[in-house]
Ligand code: CA
């Protein structure tokens, strides 16, 4: 299921959004402040974000700029601000689309579908096969000898990043930013810990990895 994080402080609208999105088979989480929204973006790893600009603690634009420091998740902005300057500013700050309040739920759903399509082109690999295991990105699961391997959300997220770039090096900074949010970019030992866990679960011989490779001083690479 596609995960949508709704960052909206008005309880009635937040509830209506959650109900509508769940009825349309989205997995929904709601944050009522900018801070909790950023926390959800860093830790829940949504596939889409609906972001209200008028929040009680932070300006939604600042939330958007902070998010774009480490994530390219599609963001559809909601705002009562009507001028084209506001729209341009939001799009320049990295919003994928802009919906002015009040809006029809059908319109928002259409905008969300379009934003998700733009960010997941048809040539993205839905399934990455290695000689030892299979990463099914679309269904968020990994199979080894036909059996599903249980991964923690962070392990899965790291593997997914590597699988989406199969054969290519993914930089440590990029991985850390994706996994831990923007503030922990020096804590590279996290990456080593998660990579060691993934090797234990997926490599035929974890001490001599064939697939989950370290590029010294640079990052990591998934080799089929
Ligand atoms: Ca608001």
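The numbers here are math on the coordinates, done by the rules we state, and not lab data. These figures come from a predicted structure and were not determined experimentally. Note that each Cβ is placed from the backbone with ideal geometry, even for glycine, and that neighbours are counted across all protein chains shown.
Normalised by 2.2 N^0.38 Å, with N the number of residues, the alpha-carbon radius of gyration of the chain equals 1.09. Distance between the 7 Å Cα→Cβ label points at residue 164 and residue 84: 3.3 nm.
Subtracting the Cα-Cα distance of residue 136 and residue 16 from 0.36 nm times their residue separation leaves 39.9 nm of extension gain. For the options 193, 73, 99, a Gaussian network treatment of the chain with springs between C-alpha atoms closer than 10 Å singles out 193 as fluctuating the most.
Counting 0.36 nm for each residue step from residue 44 to residue 29 and taking away their Cα separation leaves a gain of 4.5 nm.
Comparing mean-square fluctuations of 100, 207, 130 from a GNM of the chain with C-alpha springs under 10 Å, the top value falls on 207. In percent, rounded to a whole number, the relative contact order of the chain is 14, using alpha-carbon pairs under 8 Å and six or more apart. From least to most packed, judged by other beta carbons within 10 angstrom and beginning with the fewest, 36, 79 follow the order 36, 79.
Once the C-beta distance of residue 113 and residue 207 is scaled by a Förster radius of 35 Å, the resulting FRET efficiency is 0.15 to the nearest 0.05. Relative to the dominant Cα principal axis of the chain, helix 34-43 is inclined by about 20°.
Every helix of 4 or more DSSP H residues in the chain counts as -39500 (n - 2.57), and over all residues that averages to -12500 deg cm²/dmol at 222 nm.
Going from the fewest other Cβ atoms within 10 Å to the most, the residues 12, 154 appear in the order 12, 154.
Note on the chain: with a GNM built from Cα contacts shorter than 10 Å, the maximum mean-square fluctuation among 158, 105, 41 falls on 105. The fewest-to-most ranking of 190, 220 by surrounding Cβ atoms within 10 Å reads 190, 220. Computed extension length for residue 103-residue 150: 12.8 nm, one decimal, from 0.36 nm per residue of separation with the Cα-Cα distance subtracted. Pairs of Cα atoms nearer than 8 Å and 6+ residues apart set the relative contact order; for the range 1-98 it is 26 percent.
Helix 105-119 and the longest principal axis of the Cα set of the chain meet at an angle near 30°.
Kindly express, to the nearest 10 degrees and within the range 0 to 90, the angle between helix 189-202's C-alpha long axis and the longest C-alpha principal axis of the chain. Helix 189-202 sits at roughly 60 degrees to that axis.
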